[in-house]
1. Which of the residues spanning region 78-114 are in contact with a Pro (Cβ under 7 Å, 6 or more places away or on another chain) and buried (at least 20 other Cβ atoms within 10 Å of the Cβ)?
2. Which of the residues that make up region 61-91 are in a helix (DSSP H, G or I) and under 12 Å from the mean Cα position of the chain (by Cα)?
3. Just wondering, is there one or more residues in region 176-188 that are in a strand (DSSP E or B) and of a type outside the set (Gly, Ala, Ser)?
4. Report, by residue number, each residue of region 210-220 that is surrounded by 15 or more Cβ atoms within 10 Å (Cβ to Cβ) and out of contact with any strand residue (DSSP E or B) (no Cβ under 6 Å at 6 or more places or on another chain).
Amino acid sequence: MVDNGRPRPMIPYAAAPGAARPIGRAPARTVPAPIPAAEATRLAYASGVTTPRPRVGVSACLLGAKVRYDGGDRRDAIVVEALGRLFEWVPVCPEVEVGMAVPREPIRLVGSPGAPRLVGERSGRDHTVAMRAYAERRVAALAAEGLAGYVTKASSPSCGLEGVRVWPDAGGPPRLEGVGAFVAELRARLPLLPVEEEGRLADPAVRARFVERILAYDRRRRAAAVAGPG
Ligand code: SF4
């Protein structure tokens, strides 16, 4: 509303001067129906805006950080550009954070797929205990910071979510049955946290479902924080 180029103040309906007072019972106010959570999620995803943005962990190399064993990165355009508008990233490189250098000797999972060791490919140096101790501390800190999801780098002996190569002690070909050492701890300690690998997020349906799961997880987490300990 503009009068001589100047905006006029809005007058609330109930306070409008000269308005006839209704006779009898006041008409019931029309209250907009709340938007169902699933629909709110769909709208947020479609508009590319979620407020506040959920905090989501991510393998740091997927954001372009040069933290890989060879000094490179694995920047992923979908993670950075499509999902980066929706989430506040919490980058984590378990290998660097546990104290390994860049560049460094590559490491691999060795032994039983259910309980593999994390060892240097050439030196055989065993990082299993150090990685487990670090992962326990880091996952606890991430949970305390209100993490709502995690995107992992596929095939990594530290970050892979599934199908990571595990080399038998006796030699021979690897079995594609492992989970990265850090992500194994993440899954064990936060079993309901939505976690997905970057490669699968190229599928729009998988991506949309992942976003829905994160927003739902974050809503539950915030509601529980407001309610306090039961
Ligand atoms: S896959 Fe994980 S451990 Fe390897 S460089 Fe990326 S963030 Fe670091």
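The values are calculated or read from the model by the stated rules, or taken from the named source; none is laboratory data. Note that this is a predicted model, so its numbers are computed, not measured. Neighbour counts are summed over all protein chains in view; Cβ atoms, including those assigned to glycine, are modelled from backbone coordinates with ideal geometry.
1. Selection gives PHE87, ILE107, LEU109, VAL110.
2. Those that are in a helix (DSSP H, G or I) and under 12 Å from the mean Cα position of the chain (by Cα): VAL79, LEU83.
3. Of region 176-188, the ones in a strand (DSSP E or B) are 176-178.
Adding the requirement that they be of a type outside the set (Gly, Ala, Ser) leaves 176-177.
Yes: region 176-188 contains one or more residues that are in a strand (DSSP E or B) and of a type outside the set (Gly, Ala, Ser).
4. VAL211, GLU212, ARG213, LEU215, ALA216, ARG219
Every residue, every condition in (1) within 16 Å of the chain's Cα centre (by Cα); (2) touching a residue at least 12 places away in the same chain (Cβ under 8 Å), yes or no:
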{"residue": "ALA140", "(1), (2)": "yes, yes"}
{"residue": "GLU145", "(1), (2)": "yes, yes"}
{"residue": "ALA170", "(1), (2)": "no, no"}
{"residue": "PRO173", "(1), (2)": "no, no"}
{"residue": "ASP203", "(1), (2)": "no, no"}
{"residue": "ARG220", "(1), (2)": "yes, no"}
{"residue": "ALA224", "(1), (2)": "no, no"}
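Table: residues versus (1) farther than 15 Å from VAL58 by Cβ; (2) surrounded by 19 or more Cβ atoms within 10 Å (Cβ to Cβ); (3) within 13 Å of the ligand (Cβ to nearest atom).
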| position | (1), (2), (3) |
| --- | --- |
| PRO116 | yes, yes, no |
| GLU121 | yes, no, no |
| ALA135 | yes, yes, yes |
| ALA141 | yes, no, no |
| ALA144 | yes, no, no |
| ALA148 | no, yes, no |
| LYS153 | no, yes, yes |
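Let's see how each residue does on (1) in contact with a Leu (Cβ under 9 Å, 6 or more places away or on another chain); (2) of a type in the set (Lys, Arg):
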{"residue": "TYR134", "(1), (2)": "no, no"}
{"residue": "ALA144", "(1), (2)": "no, no"}
{"residue": "ALA148", "(1), (2)": "yes, no"}
{"residue": "ALA154", "(1), (2)": "yes, no"}
{"residue": "GLY163", "(1), (2)": "yes, no"}
{"residue": "VAL166", "(1), (2)": "yes, no"}
{"residue": "GLY172", "(1), (2)": "no, no"}
{"residue": "ARG187", "(1), (2)": "yes, yes"}
{"residue": "LEU215", "(1), (2)": "yes, no"}
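Yes/no matrix, rows are residues, columns are (1) β-branched (Val, Ile, Thr); (2) in contact with a Phe, Trp or Tyr (Cβ under 9 Å, 6 or more places away or on another chain); (3) under 18 Å from ARG85 (Cα atoms); (4) at pLDDT below 95:
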site	(1), (2), (3), (4)
ALA140	no, no, no, no
TYR150	no, no, yes, no
SER156	no, yes, no, no
GLU162	no, no, no, no
LEU186	no, yes, no, no
PHE210	no, no, yes, no
